[in-house]
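Take a look at the structure below.
The values are calculated or read from the model by the stated rules, or taken from the named source; none is laboratory data. Just so it is clear, the model here is predicted, and its values are computed rather than measured. FYI the Cβ positions are ideal-geometry reconstructions off the backbone, even for glycines, and counts take in every protein chain you see. Just so you know, the surface numbers come from the protein's heavy atoms only, side chains and all, with ligands and any DNA or RNA stripped out. Shrake-Rupley method; radii C 1.70, N 1.55, O 1.52, S 1.80 Å.
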Amino acid sequence: MAAHQITFTINGGQETALVTSHTTLLSLIREQLGLTGTKNGCATGECGACTVLLNGEPVNACMVLAVEVDGAEIVTVEGLAQDGQLDVLQQMFVEHTGTQCGFCTPGVLIMARALLDRNPNPSDDEIKDALRGNLCRCTGYVRIIEAVKAAAKAGG
Amino acid sequence: MSTPPTSQQAPSPIGENVRRVDALEKTTGEALFADDLQFGPNLLYGRIVRCPHPHARILNVDASRALALPGVKAVVTGQDTPGTIGLYLQDRHIFCRDRARYVGDPVAGVIATSEAIAEQACRLVEVEYEVLDPVLDPLQGAQPDAPLLHPDLEDYEVANFIFPKPGTNISNHFRVRKGDVEAAWAQCDAVVEREFRVPHVQHVPIEPHIAIAQADRHGQITLWTSSQSPFAQRSLIADALGISQSSIRVISPYVGGGFGSKAGVSMEALAVIMAQKVPGHPVKLRLTREEEFFTTFVRQGLIAKTRIGATKDGKLQAMKTEYYWDAGAYTEYGVNVTRATGYSSTGPYEIPHVHADSYCVYTNHPVGGPMRGFGMPEIHWGIEQIMDLLAEELGMDKVEFRLKNCVRGGSIIVTGSEMHPVGLPECIQKAADAVNWGTDEPASAPHKRRGKGLAIMWKAPAMPPNAGSSASVRFNEDATVTVSVGGQEIGQGAFTVAAQMAAAALGVPVDWVRVHGPLDTRYSPYEWQTVASRLTWSMGNAVVAAANNARRQILELAAEHWDEAIENLDIQDGMVISYKSEQSLPLQNMVVYGLPKPDDQGWRGGPVIGHGSFMPTYVTGLDPETGQGPRSVVHYTTGCQAVDLEVDTLTGQITILRVAAAYDVGKAINPDQVRAQIEGGVVQGASTAFFEGLAFKDGVPQNTSFVDYRIATSVDIPYEIISIIVEVPQDDGPWGARGVGEHSMVPTAPAIANAVAAAVGVRILDMPITAEKVYLALEEGE
Amino acid sequence: MPMPAALDRENPSVLVMPGPGLPAFDYVRASKPDEVCDLLLQHGDNARLLMGGTDILVLMRDGVLAPKILIDVKHLPGMTTISFDPAGGLRLGAAVSMNTMTAHPAVKQHYPLLAEAAQAVASYQLRTRATMGGNLCNASPAADTAPAALVLNARCVTWGPDGERIIPVGAFFRGPKQNVLMPGEFLAFIDVPIPPPGWVGRYIKLGRNAGGDLAIVGVAVLGYPDANAASGCRFRIALASVAPTPIRVPEAEAILANMPITGETLERAAPAAQAAARPIDDLRGSARYRKAMTRNLTRRALDDVWAGLRKEG
C-alpha cells in the first residue's frame, strides 16, 4: 500500500509525516505525533472524544484520513492555550468542575471552542445541541454546560 | 466521630468547595491515561480470538496459520493458563481451556508487531468447537434439568460468605428468613404482587479498557492499566499464576471512567498471560468499543418476583421476594451482587416479616460484575414501584407511606441488625417539597401529561468485612505535603477530598497538599479497591490517621524545642503555635531538617512521614439459613429522588422537567463535588431508564456500538437537577462523612417509572421505559 | 447499523467484530471526473468514493465493505461548491458538507427545510464531514436528508462513462442501501429547484435520544398555496425509516389536494401516510410503533405546515 507524505500545521507548528492511506487523523495525532490529549473512544465518530479542529471546524479525528489533511491546519486540546495562557474555556472548566474523569474533556473543549467561535452567545439549547456528539458518562453534562456558559459570559 | 482537632481560628477546608486537584491537567490534555503512556519500538500488540458461540466445548485450537503470518510473535491459549481466577469465587480461567461460556469468551490471544497484524492473525486461528445447549434465561438456568455450565462448581475456591449449589447453575443463594411471612399475609389488608425485569446494561466508560503488560526474564511482571483496583488485580493475578504479590507491579494512571467495570480483574489478566509469552516486550491490549460492550463486565440482568403487604393504617407487614440474577458465564464478582441484594432486599424499609431469596444464576451471557450501585438500582426498580402500587391500593399518599415505613436510626432492618442514625425521612421531605409534591401542575401542551413520582433508596458498601485502606503523608522542605493513597481518581474527586482531609487534619492550607497518581502497587499504600463509594469514608479515615500521625511528630518536635506540653500546641495555617507561650514556628524546613538543639548541641526531628490505616473491624457474619446477624454492613447511605416529568401522548416520549435528589452523606467534605456526583448519577440513571439494555439473539449481543446502544447525551438531560445535601453524621466517618458516588443512580429509574405512571397511568415493569413501550401501552389502554 | 458480532465466512470458528483500525486500501485523489469513472469501471466493487467518509469508513471498519481503493472526489471541480440562481435554484456539489450547506445564506433563506433535515443528522462534528450527497448515495431507508430532498423535488446529477444523467431523487433509490447508479457512474451534484411560492416546510424526526440518533421515523412535509388544487393548497409528504427506501406518500397528498383543509382532512391524511408505510422491526423500534408514529408525526408535521401557511396567507 502506498505511503503519502503530507505537510500540515498542528497547534501552530508545521509538521511533515509519512502516512499510509488507511491511517486516520486520530492515529496520526496520537501515535505518530505523540499528542495524546486527543482520545480514542469508539473509532466510529460517535463519542466525540477525538474531536479536533480541522481548518477551524470540529471533526471526529477517527473519521478523517490522515492523507486528507495535507495542507490543512489542525488544533488539538494541546493547542487551546496560547502563550502559556489558558483558553477561557479551560479556565471555566477548572472553575466550574466541567471535568470529572477527564477522558471526554479534550473533545468537549474543542467542540465548545468551535461553538463559541461561531456563536459567542449561545443559549442553553444551543450549547446542548452543539455538544450532543460528545458523550460524557460522569458529569451528566450539567457542569459542562455551566462552564461553557461561563466562558461565553467571560467573553469566550 | 474520628474528628481531628480543628482550630477555631483558621478556616477549615472541610465542607468547602475546593477546586478539583486534577482539573488543570485534565483540561490541558496533559493528564495521562493508560493508552497515552509511551513504550517505544519494543512494544507489541495483542488481540483476542473470541468464541462465537454462547456455549461450546473447545476441542482443538490450531494457531499454525496465524503463527505463519509475518509479524506474529506468539499465540497463547487456555493451555497457558492452568490456574483459576476470581474475586469471591474462582470460577474462570484467564483464557478458556476446555469450554467457552459466552459469545466473546477469550479462547486465544495473538501477539504481533502491530494491532492490525494481530487482528488479522486472530482471524486465522482455527478453533474446533462442539456446540453445547446454552442457558439464556436465569429462570431456565435455575431449573434442575438446565444444561450445567460449571460442572466443577464444588471444586472452586470460594469466600466463606458465598454459598454455591454444586450440581446446579446457582453459584450463590442468599436467604433471608425473618419473622413469619406466611402468617403475616393474614394480617395484611392490602397485598400487591408483581414481576419486574431489568436488562443487562453496560458501564460505558468513555475510555475503553486497556492494559499493557511486560514480563521480565526473572518472572517479574509489570502491568500498566486503567484500573479501579491495582491491588486487587495484583492479588488475583498473582493467585492465578501461583506467584508472589510482590512479583507483580500494577501501575495505573488516571481512569477514564470506571463505574465498576474496571474493578476486579477482567481483560487485564489476558495482557499478562500474553506478555509472559514474549518476555522483555511490553504487550498492549486495548479493547475496541464493540468489545467494551460485552467482553469485560456488564451489569447483571434481573428478574424480580415480589409480593408485599400492609395493614390498612399503611404499615408494611410482610415481603416475599425472589431475585433471579442473569449473572452470566462467570460470577466470580457477581456472586456478591446477589449477596448484597439479599441482605438489602427490602430496600430502606422496616418490614417485620421477610422471606427473600437471591439466586446468582450462571447463564451463557456476558460476565456480570460490579456496576455503580452494585445491584441496588436493579432491585430498587421493583421495590420502589411496588411500594407505589401498594400505597395506591391503600389509598395513601406515596410520601406519607414512605415516611411511615422507611428506616430510621434504631430501626431493625432486614438482617435483624439495628440501623444507625440516618436522615432518610428528611431526604424524602426535602425532595418532595422541591418538586411541589401534591400540587398538580399543568403540562406544556394539550397532548402532554405531567406527573410526579419519587423513589427512595439505600445502599451499603458491599465488600469483604475486612476491606482495608492506608495512606502516607510526607512533608517536603517547603512544607508542601505529598499524600500517597492507593485509592484511584476515577473522576469522583477522591484525590481532591483526600487533599482536603489531609490539609484539615494537618493544619496546613489545602493548596499545600499534593495528591497524585499514578497509583503504583510498588510505592502506593494499600487500598482494597476503588469501589462501593467507600473511599471518602475508608480511605479518608486512613488519610486522617496518616495526617494525625505526621502532625503528632511535628508537635512532639516543637514541644521538645520549646519545652512545652504538647497539649498546648497546634498547627494552624502551616505554623506550629503555642496557645500558652504564643510562640510560633513555620513548618518550612523543620519538617525535613528538624530543629537545632540549643547551644549547637546537634539537631532533633527529621523528615516527617506519617502513616495511617483503616479497616472496619465490626462487620459480623450472617446466618446462612436466615441472613440474620448483628451487623451486616458498615453503614447505609440513603436518599430520595423526586421526578417531575411530562409524557407526549402522541409519541410516548418523556421529558424530565426537574429532578430533586436528596442524600444523607453524613458530611459533605466538598459540597460541590457531592452535587457533581448527584448530577452524574441522576443522568446515568435516567439513561438506563430510557435507553439502555443489551439486546441478545440466541446469546449473541445485537447492539454493541454507540449507534445501536444509546446513552444519554447533552440533549437528553433533565431541565433542572436540584441537589440536596442532608448531613446526619456517620459515627466512624471522617468528619462524619459517608459515600455518595453510586447512590444517586439507584432511585432514578423507579422514580421516573412512578412519575410516568402518575402522568399517564402506564406502569412499565421491564426496564427501559422506552417511548415505544409507553406509547403502545397507552394505545392498548384506550 | 454496524453489524453485531457475526461469523466470518472464511473462518466460522472465530467471532469477527470491527477491528481496532481501518483495513488497508489505497487512497486516490481524483482531479478529473473521467478519472473517477475509469477507476470505478476498472475496479468495480473494489473502488468506492470518499466524500465525508462518515459512512464508508465505518462500514469498512465493520467489515461490511472492503474496497481496495478509495477515490477522494472532494477536489473535483464543483464538488464542494454551492451555487444559487433565483431562476434555476440551488446546485449543491455532492461533497458539500452538511454544515457548509446549513450555514450557506441561500440555503438559510430559500431552503430552510434542507438545513432542518441536515441538522437532524448525528452531531455537529460529524456533519463537518458528512455530506448530503453521501446521505443520498448510501440510500439508507433512514437517511434524514432524503425526505426533504423528495418533497423539494430535488434531482441527482450524475457523471458517468456516458456523460451526465439527471435522476429525480424519487427514482434514485432502489432498495435498502441500494441506489440506481450504474457502473462507473457517480453523483456529482444535487439540484434543488426553487420551491413553489409561499411554501412552508417541516422535518420531524423521532429517534431514541432527543437528538442525534438514527430515525425511528422521519417525516418531511412541504405545503404551498395552489389555486389549481381543490383545497387551495398542495402538500408533499415524504417518509424516512418506514419502508425499504425513503418514500413519498401520494395517497395522503391527494387527500389534501382534493378536500378543503380542515382538521378532519388532516386527520384523514395522516392514516393514509401510515398505510403507505411498510416498516420493519429493528433495534430502534417495532414496525407497529413505526406505523403509529408515521400517522402521528405526519399529522404533527401537517399541523405545523398548515399553521405556517395560514400565517403566511
Applied in sequence order to the stretch B:749-763, the curve 6.51 cos²θ - 1.76 cosθ + 1.60 (Karplus, θ = phi - 60°) yields integer Hz couplings, x standing for Gly and Pro, of 5, x, 5, 5, 4, 5, 5, 4, 4, 5, 6, 10, x, 9, 10
Links that overshoot a 31 Å alpha carbon limit, given the list B:Lys312/B:Lys459; B:Lys320/B:Lys404; B:Lys26/B:Lys448; A:Lys39/A:Lys149; A:Lys39/C:Lys32; B:Lys315/B:Lys448: B:Lys26/B:Lys448; A:Lys39/C:Lys32; B:Lys315/B:Lys448
Which percent of Cα pairs goes in each bin when the distances of the protein assembly as shown are cut into 10 angstrom slices starting at zero? 2, 9, 17, 22, 21, 15, 9, 4, 1, 0, 0, 0
Taking Rh as the Kirkwood radius, which is the inverse of the mean 1/r over Cα pairs, what is the Rg/Rh value for chain B? 0.99
With every protein chain in place, what's the accessible area of C:Lys68 (1.4 Å probe, Å², nearest 10)? 100 Å²
Can you give the three extents of the C-alpha atoms in the stretch C:202-312 along their principal axes, from longest to shortest, in whole Å? 44, 24, 22
Kindly state, to the nearest 0.05, the FRET efficiency for B:Asp766 paired with B:Glu393, given R0 = 25 Å and r defined as their beta-carbon distance. 0.75
Charged-residue dipole, Cβ positions (Lys, Arg, Asp, Glu), the protein assembly as shown about Cα centre, Debye nearest 20: 1580 debye
Selection from A:Asn55, A:His22, A:Leu86, by position along the positive dipole direction of the stretch A:17-86 (Cβ): A:His22
At 1.4 Å probe size, with every protein chain present, just tell me what the per residue accessible area of the protein assembly as shown comes to in Å². 33 Å²
Two-decimal Rg/Rh across the stretch B:426-539, once Rg and the Kirkwood Rh are taken from alpha-carbon atoms: 1.22
Which value, in debye to the nearest 20, describes the size of the charge dipole of the stretch C:82-192 about its Cα centre when Lys and Arg Cβ atoms bear +1, Asp and Glu Cβ atoms bear -1, and nothing else is charged? 220 debye
How well do other chains shield peptide A:67-74, expressed as the mean number of their Cβ atoms within 10 Å of each residue Cβ? 2
Relative contact order (percent) for the stretch A:88-153, with alpha-carbon contacts under 8 angstrom and 6 or more residues of separation? 52 percent
Note, B:Asp716: beta-carbon cut-off 11 Å, +1 each Lys/Arg, -1 each Asp/Glu, net +3
Could you pull the Cα extents of the stretch C:108-245 along its three principal axes, largest to smallest, in whole Å? 45, 38, 29
Answer check: the stretch A:88-153, Cα atoms, Kirkwood Rh, Rg/Rh ratio of 0.90
At 0.36 nm per residue, and after removing the present C-alpha to C-alpha distance, how many nm does the segment from A:Gln85 to A:Ala154 gain when stretched out fully? 23.4 nm
Here, B:Glu720 and C:Lys311, labelled 7 Å along Cα→Cβ, have an inter-label distance in nm of 2.7 nm
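In whole percent, how big is the carbon plus sulfur part of the accessible area of the protein assembly as shown, probe 1.4 Å, protein atoms only?
49 percent
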Of the options A:Val67, C:Thr80, B:Val665, report the single residue whose Cα projects farthest towards the positive end of the charge dipole of the protein assembly as shown (beta-carbon charges: Lys, Arg +1; Asp, Glu -1). C:Thr80
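If you put +1 on each Lys and Arg Cβ and -1 on each Asp and Glu Cβ, how big is the dipole of the stretch C:6-72 around its Cα centre, in Debye rounded to 20?
With only Lys, Arg, Asp and Glu charged at Cβ, the dipole is about 120 debye.
So for the stretch B:607-686, considering every pair of alpha-carbon atoms, how many percent are separated by more than 15 Å?
Numbers: 2369 of 3160 pairs.
In whole percent, the long-distance tail amounts to 75.
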Buried accessible area, chains A and C (both chains, 1.4 Å probe, Å² to nearest 100): 2300 Å²
Where A:Val94, B:Val774 fall by accessible area, highest first, once all protein chains stay in place (1.4 Å): A:Val94, B:Val774
Give the calculated FRET efficiency between B:Asp62 and B:Tyr593 to the nearest 0.05, with a Förster radius of 56 Å applied to their Cβ-Cβ distance. 0.25
Rounded to the nearest 500, what is chain C's calculated 222 nm mean residue ellipticity when only DSSP H runs of at least 4 contribute -39500 (n - 2.57) each, over all residues? -9500 deg cm²/dmol
Cβ neighbours within 10 Å, averaged per peptide: list B:277-285, B:137-145 in order, most packed at the top. B:277-285, B:137-145
Over both sides of the B-C contact, add up the buried accessible area with a 1.4 Å probe and give it to the nearest 100 Å². 3300 Å²
So the B/A interface buries, both sides summed and with a 1.4 Å probe, an accessible area in Å² (nearest 100) of 3900 Å²
With r defined as the distance between the Cβ atoms of B:Asp98 and B:Thr620 and R0 fixed at 35 Å, what FRET efficiency is calculated, to the nearest 0.05? 0.35
Mind listing the lone cysteines of chain B, meaning no other Cys beta-carbon sits under 4.7 Å from theirs? B:Cys51, B:Cys96, B:Cys122, B:Cys188, B:Cys360, B:Cys406
Note: A:89-96 gets an average of partner chain Cβ contacts (10 Å, Cβ to Cβ) equal to 4
Going out from 0 in 10 Å bins, what whole percent of all Cα-Cα distances in the stretch B:620-736 drops into each bin? 11, 28, 25, 25, 11, 0
Indicate the residues belonging to the stretch B:205-229 that lose 40 Å² or more of solvent-accessible heavy-atom surface (probe 1.4 Å) upon moving from the chain alone to the assembly of all protein chains, ignoring ligands and nucleic acids. B:Ile206
For the stretch C:1-128, just the Cα atoms, rotate onto the principal axes and tell me the three extents in Å, largest first. 60, 34, 19
What is the local net charge at A:Thr51, summed over the other residues whose Cβ is closer than 11 Å to its Cβ (Lys, Arg +1; Asp, Glu -1)? +1
Tabulate in residue order the Karplus-calculated ³J(HN,Hα) for the stretch B:384-400, using 6.51 cos²θ - 1.76 cosθ + 1.60 with θ = phi - 60°, rounded to whole Hz; enter x for Gly and Pro. 6, 7, 5, 5, 4, 5, 5, 4, 4, 4, 7, x, 9, 5, 6, 6, 4
Could you work out the relative contact order of the stretch B:395-531, using alpha carbon pairs under 8 angstrom and six or more residues apart, expressed as a whole percent? 17 percent
Shape descriptor, the stretch B:573-617: equivalent ellipsoid semi-axes (Cα gyration tensor, sqrt 5λ, whole Å, largest first) stand at 26, 17, 10
Which residue fluctuates the most in chain C, going by a Gaussian network model with Cα springs under 10 Å, if the choices are C:Ala87, C:Ala252, C:Ala277? C:Ala87
B:Asn17 neighbourhood, Cβ < 13 Å, K/R = +1, D/E = -1, net charge +1
Where does the stretch B:98-149 land on Rg(C-alpha)/(2.2 N^0.38 Å)? 1.60
Using Cα-Cα distances under 8 Å and only pairs 6 or more residues apart, what relative contact order does chain A have, in percent? 24 percent
Rg (one decimal) and Dmax (whole number) from the Cα set of the stretch A:1-103, in Å, equal 14.1, 48
Which value at 222 nm does chain B reach when only helices count, each DSSP H run of 4 or more adding -39,500 (n - 2.57), with the total divided by all residues and rounded to the nearest 500 deg cm²/dmol? -7000 deg cm²/dmol
In Å and on Cα atoms, what radius of gyration and Dmax does chain C show? 20.0, 66
Here the alpha-carbon Rg of the stretch B:120-220 over 2.2 N^0.38 Å rounds to 1.77
What distance in nm separates the two pseudo spin-label positions at B:Arg514 and B:Thr439, each 7 Å out from Cα along the beta-carbon direction? 5.3 nm
Taking the reciprocal of mean 1/r across every pair of different Cα atoms in the stretch B:552-690, the Kirkwood radius in Å is 21.4 Å
Apply the Karplus parameterisation 6.51 cos²θ - 1.76 cosθ + 1.60, with θ equal to phi minus 60°, to every residue of the stretch B:476-482 and state each ³J(HN,Hα) to the nearest whole Hz, in sequence, with x for glycine and proline. 9, 4, 7, 6, 5, 10, 9
Averaged over the residues of C:57-69, the number of partner chain Cβ atoms within 10 Å of each residue's own Cβ comes to 3
Which order do you get for B:Ser171, B:Ser244, B:Ser472 if you rank them by accessible area with a 1.4 Å probe, largest at the top? B:Ser244, B:Ser472, B:Ser171
